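The values are calculated or read from the model by the stated rules, or taken from the named source; none is laboratory data. Fair warning: this is a prediction, and the values are worked out from it, not measured in the lab. Virtual Cβ from ideal backbone geometry, glycine too; neighbours counted across all protein chains shown.
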Amino acid sequence: MSELASAARPARPEIRNLNLFRDIPTYRMPLAGYVSILHRVSGVLLFAALPFLVWLFDASISSEISYRRFVSAFSAGLWIFPGWAVKLGVLALLWSYLHHLCAGVRYLVMDATHVTSKEFGKSSGIAVLAVSLLLTAICGAKLFGAW
């Protein structure tokens, strides 16, 4: 009976190593996979920018003079970077923080409730992207002087 069952069953494809140039561009990753990769990218970006973030915090609370210098970095620039480039850098850090926070809450909910279905992964991935991008747009509008 086992010979008959194995003969009727189609052969399973043999999966080998993925070719970076041929297979990866055609691979369709689910939305939860993109959220996971972006969570890791945002964590690395936050870690790499930690000295800059510490300087921002120190410059904003040390004294009134250092606060004025901190504020002028957004209009006059900082070192070789013009003011708009500083704002774009801070906006990237804001996105990184907000996305990492939202995705981290998503992973905490998944760990606490043991919900790991495809439907929850898709809906929570959409929610993480929507909330983090909306909050980034609001913070960016404030940063670039919309109000």
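Observations on the model:
- Some residue of segment 132-147 being surrounded by fewer than 17 Cβ atoms within 10 Å (Cβ to Cβ), within 26 Å of VAL71 (Cβ to Cβ) and charged (D, E, K, R): yes
- Among (1) without any contact (Cβ under 8 Å) to a residue 12 or more places away in the chain; (2) under 16 Å from the mean Cα position of the chain (by Cα); (3) surrounded by 12 or more Cβ atoms within 10 Å (Cβ to Cβ) - the single one SER123 does not satisfy: (2)
- Listed by first and then second residue, the pairs with beta-carbon distance under 8 Å, at least 6 apart or on different chains, first residue in segment 59-76 and on the phi < 0 side of the Ramachandran plot, second charged (D, E, K, R) and exposed (fewer than 13 other Cβ atoms within 10 Å of the Cβ), are SER66/ASP58.
- Screening segment 22-132 for helices (runs of 4 or more DSSP H) wholly inside it with 3 or more residues that are at pLDDT below 85 returns the ranges 50-61, 64-75.
- Checking VAL128 against (1) free of Cβ contacts under 8 Å to residues at least 12 places away in the same chain; (2) farther than 18 Å from PHE144 by Cα; (3) surrounded by 12 or more Cβ atoms within 10 Å (Cβ to Cβ), the condition it does not meet: (1)
- Residue in segment 134-147 that is farthest from SER96 (Cα to Cα), counting only those that are in contact (Cβ under 8 Å) with a residue 24 or more places away in the chain and of a type in the set (A, V, I, L, M, F, W, C): PHE144
- Looking only at segment 93-116, residues that are loosely packed, with under 15 Cβ neighbours inside 10 Å and free of Cβ contacts under 8 Å to residues at least 60 places away in the same chain come to 9 in all.
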